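Each reported figure results from applying straightforward, stated rules to the coordinates on display, with no laboratory input. For clarity, every value in this text was computed on a predicted model and none was experimentally measured. Please note: Cβ atoms are built from the backbone with ideal geometry, for glycine as well, and neighbour counts cover all protein chains shown.
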Amino acid sequence: MDEILVPQHAAGGSPTSRKALVARMVAAERAVRVTREPQISTPEELLAIAVRIARQAAATARRMRDAAITDVQTKSTDTDVVTAADRAVERQVVAALRAERPADGVLGEEYGDSTATAAGAVRWILDPIDGTVNYLYGLPQYAVSLAAEVDGAVLAGVVRNAATGDEWTATRGGGAWRGDRRLTGSARTTLDQTLLATGFGYDPARRAHQGAVLAGLITRVRDIRRFGAASLDLCMAAEGSVDAYFEKGLNPWDHAAGGLVATEAGLRVSGLDGRAASAELLIAAPPALFGALHDALADLDAAGGP
């Protein structure tokens, strides 16, 4: 059997909970059977698989960088880039999942949806390199994001910064972790003291609208940060490195794993007016901040524009 790679938080916490988590993850690895029938798994079992595969994928992304950035293409616009590594990492992850869970579906950024997912079956949601522009420029803010979803609910997720090795994990109902530290979000309670993260789309017209939203927002908050990788932004909000985060235009692979990390850290993650987070808008903030940020974004028509 391959080496069991346990999320680093298994090294922290109480001895009882630590031993129980390790035991569940070891059992998950031993229980894997290659089958064409849908496999029923616990969140801990899914996380064990996600962590192992994401670590291998992150190592590939980092190893390939020097060669990959010489093979760059564009997608939706001239500024929306994809490298050879994005595609190679996605193929690697899909192959690894297929080898041990061939009945599962996979939704990836570069190659789309594969294998129809039956009710109750697992669908993996993958961003092979979130933050491709950072990857291209050598900025250490790019990540592999992998989540396991069943019937529309994300049950487990991992985000691994491929440049630094930092890793965030979460299971539904099991909390969010960075290494051995359980995450609880920011203690900030007022919007005017909030350090707010966001991101921008690639379409010039959308960027113009987003710029107008920021112009109206920047006088209402402490400051604004733009790091260029939604999954990492959500994890930073989960750990309190920023107080809150919002963005328009995200796809499921951008926020599936990071959104679970933020939710399990106690943040409220949703769209406007109680709608689910979607391409229209995602807001992630501690409950004490969420209302004020939500209302400011609604007032500025953050979900509007192209």
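Structure summary
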read-out	value
Stretchable slack from Thr189 to Asp273, in nm (0.36 nm times residue separation minus alpha-carbon distance)	28.2 nm
Cβ-defined net charge surrounding Ala61, 10 Å radius [Lys, Arg +1; Asp, Glu -1]	+3
Correct choice for log10 I(q)/I(0) by the Debye sum over Cα atoms at q = 0.06, 0.08, 0.16 Å⁻¹ that was computed from the model, options (1) -0.20, -0.35, -1.45; (2) -0.32, -0.56, -1.32; (3) -0.19, -0.33, -1.32	(3)
Cα centroid separation - region 173-223 against region 60-111, whole Å	27 Å
Cβ crowding within 10 Å averaged over residues, with 53-62, 235-244, 173-182, 213-222 ranked highest first	235-244, 53-62, 173-182, 213-222
